[in-house]
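First up is the structure itself, then whatever we jot down about it.
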Amino acid sequence: MSKTLERWGSKRAFILAVTGAAVGLGNIWRFPYVAGENGGAAFLLIYVAFVILLGIPVMMAEILIGRAGRRGPMQALGALAAEAGASRHWRWLGLFGAFTVFCILSFYSVVSGWSIEFLVASINGNFRGASAAEIGAGFDAFLANPGLLIFNHTLFLLMTMVVVAAGVAKGLERLNNLLMPLLYGLLLLLAAYAATTSGFGTALSWLFLPSLEALTPSVVLHAMGHAFFTLAVGACALMAYGAYMPDEQSLPRAAVAVAVLDISVALLAGIAIFSVVFSQGMDPADGPGLMFVTLPIAFSELPWGSLWLSVFFLLLLLATWTSAINLAEPMVATLQGFGWRRSVSTAVVALSVWSIGLLSALSFSTLADFRPLLGRNVFELVSSIPPDIFLPLGGLLIAIFAAWVLPRSAAAAALGVGERGYLCWRNVVRWVSIPLTLMVLLSGLL
Ligand code: PFF
């Protein structure tokens, strides 16, 4: 494989691509429901702390490796390890990342399929005049319909794989440029609407006033997993994007910009969703349906509600699409690294993700009682273990590789902020990010 890949068109394009990978279901769907199940403010506080202490430094580590290697993750890790005189087994970390994104994409595609269904329903005006109870019952009935879930899962995966087959760099730039400002604008509008609801005050104190008793090892583990998940860090997916990064760009600035945007999207979504939850007397720990039930209720009370709701689901779908493309990239890059053609690699990835995704799609109906591990069904397993365990573990190994194994000169050059900036980053990764991740992983698992 040639060492020089095509590059992103500009610095802005790179930031937008990473933002596209980061902002997705994690911010708007997963954050509210996981925060809801883990006590709200305590979870939020720890998750933001982890984004700063782990997410940003490890994101830099991951992109730096891609940029220094300028190849697919497995090949980049193998080649850099060889240059550093370290074991070539480091390349298996790329394969582990591919396995992680495989698990994640299998449920991600199913939930993105829900957005397709909700987009169509809101265009048809199905939520107009519906009460909260009717919207909730409609969602449950939808989940119990395997045919519909599988159809939407298939459609979403096809949408994703068409772009991936064509090669990522080109198509994404223009889409992201338009998408992020629109999505952000709509969330601002929603949060402004939330401020007029009766549940707004409760939502704010529930989100921002932590009670320390709520801080259990399991909450901390979930918060760490979510920090990695929402930033798309730990699966070598951003490593694959780093390979296309322009030479002259400062990596820390890009990482901080993405993290700030990512957190603020989650906060806006959280404020909107929990205001509805508390106005309607709903339970914050309502699980994966939280966003799909609350937002139709919120929009149905706004003038032109169906129109806004349709625009919202369209933007959400586009945001999850750019994340799914990023999820697919490391798998395709890995297979390509074995000498497979891009089209064949994409087809194989698509078919395998689709088949395993069926198990998640059926977890709400036919396979609801199939609980192979820890008493959880397949959807519950793949939507918790890969984000909470595999991503932090992958992130830990990525951090060790970048801060302990890579030679100083190569790492400093790829970070792009001079010697002092490099040492500062390396100290944070060596003495904060690595020990902290290890500690939380161990205490959460035990
Ligand atoms: N960050 C994405 C989201 O918040 O929806 C999900 C994700 C993308 C996780 C890519 C992991 C990944 F490698």
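The values are calculated or read from the model by the stated rules, or taken from the named source; none is laboratory data. On a predicted model such as this, the values are computed, not experimentally measured, just so you know. Neighbour counts are summed over all protein chains in view; Cβ atoms, including those assigned to glycine, are modelled from backbone coordinates with ideal geometry. These accessible areas exclude ligands, DNA and RNA; they are computed on the full protein's heavy atoms, side chains included. Shrake-Rupley method; radii C 1.70, N 1.55, O 1.52, S 1.80 Å.
For this structure, a couple of remarks:
- Looking across the range 226-243, the residues that are open to solvent by less than 10 Å² (accessible area, probe 1.4 Å), in a helix (DSSP H, G or I) and within 8 Å of the ligand (Cβ to nearest atom) come down to 228, 230, 231, 237, 238.
Matching residues to (1) surrounded by fewer than 18 Cβ atoms within 10 Å (Cβ to Cβ); (2) in contact (Cβ under 8 Å) with a residue 12 or more places away in the chain; (3) farther than 14 Å from residue 322 by Cα; (4) not charged (D, E, K, R):
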residue: 133; (1), (2), (3), (4): yes, no, yes, yes
residue: 137; (1), (2), (3), (4): yes, no, yes, yes
residue: 160; (1), (2), (3), (4): no, yes, no, yes
residue: 163; (1), (2), (3), (4): no, yes, no, yes
residue: 206; (1), (2), (3), (4): no, yes, yes, yes
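- Checked against the criterion of being free of Cβ contacts under 8 Å to residues at least 12 places away in the same chain, more than 24 Å from residue 304 (Cβ to Cβ) and either within 16 Å of the ligand (Cβ to nearest atom) or not in a helix (DSSP H, G or I) (or both), the range 166-184 contains not a single residue that satisfies it.
- Among the candidates 213, 248, residue that is open to solvent by 10 Å² or more (accessible area, probe 1.4 Å) and not in a helix (DSSP H, G or I): 248
Residue-by-condition table, conditions (1) of a type in the set (Asp, Glu); (2) at pLDDT 95 or above; (3) within 16 Å of the ligand (Cβ to nearest atom):
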position: 13; (1), (2), (3): no, no, no
position: 18; (1), (2), (3): no, no, yes
position: 48; (1), (2), (3): no, yes, yes
position: 53; (1), (2), (3): no, yes, no
position: 73; (1), (2), (3): no, no, yes
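- Candidates 355, 360, filtered to the one that is free of Cβ contacts under 8 Å to residues at least 12 places away in the same chain, closer than 26 Å to residue 146 by Cβ and in a helix (DSSP H, G or I): 355
- When 396, 367 are checked against the criterion of being within 16 Å of the ligand (Cβ to nearest atom), open to solvent by less than 60 Å² (accessible area, probe 1.4 Å) and more than 19 Å from residue 25 (Cβ to Cβ), a single residue qualifies: 396.
- Cβ separations smaller than 8 Å between residues 6+ apart or across chains give the following pairs from the range 405-421 residues that are of a type outside the set (Gly, Ala, Ser) to residues that are surrounded by fewer than 14 Cβ atoms within 10 Å (Cβ to Cβ): 407/83.
- Tally of residues being in a helix (DSSP H, G or I) and either aromatic (Phe, Trp, Tyr) or surrounded by 19 or more Cβ atoms within 10 Å (Cβ to Cβ) (or both) across the range 409-427: 7
- Failed item in (1) more than 16 Å from the ligand (Cβ to nearest atom); (2) not in a helix (DSSP H, G or I), with residue 294 passing the rest: (2)
- Looking only at the range 322-345, and only at residues there that are polar (S, T, N, Q) and over 17 Å from residue 16 (Cβ atoms), the one that is surrounded by the most Cβ atoms within 10 Å (Cβ to Cβ): 334
- Listed by first and then second residue, the pairs with beta-carbon distance under 7 Å, at least 6 apart or on different chains, first residue in the range 433-446 and more than 15 Å from residue 228 (Cα to Cα), second aliphatic (A, V, I, L, M) and open to solvent by less than 80 Å² (accessible area, probe 1.4 Å), are 444/220; 444/221.
- For the range 33-50, the criterion of being of a type in the set (Phe, Trp, Tyr), open to solvent by 10 Å² or more (accessible area, probe 1.4 Å), assigned to a helix (DSSP H, G or I) and within 24 Å of residue 294 (Cα to Cα) is met by at least one residue.
- Single residue of the range 274-321 satisfying the filter (surrounded by 24 or more Cβ atoms within 10 Å (Cβ to Cβ) and of a type in the set (Ser, Thr, Tyr)) that is nearest to residue 209 (Cα to Cα): 275
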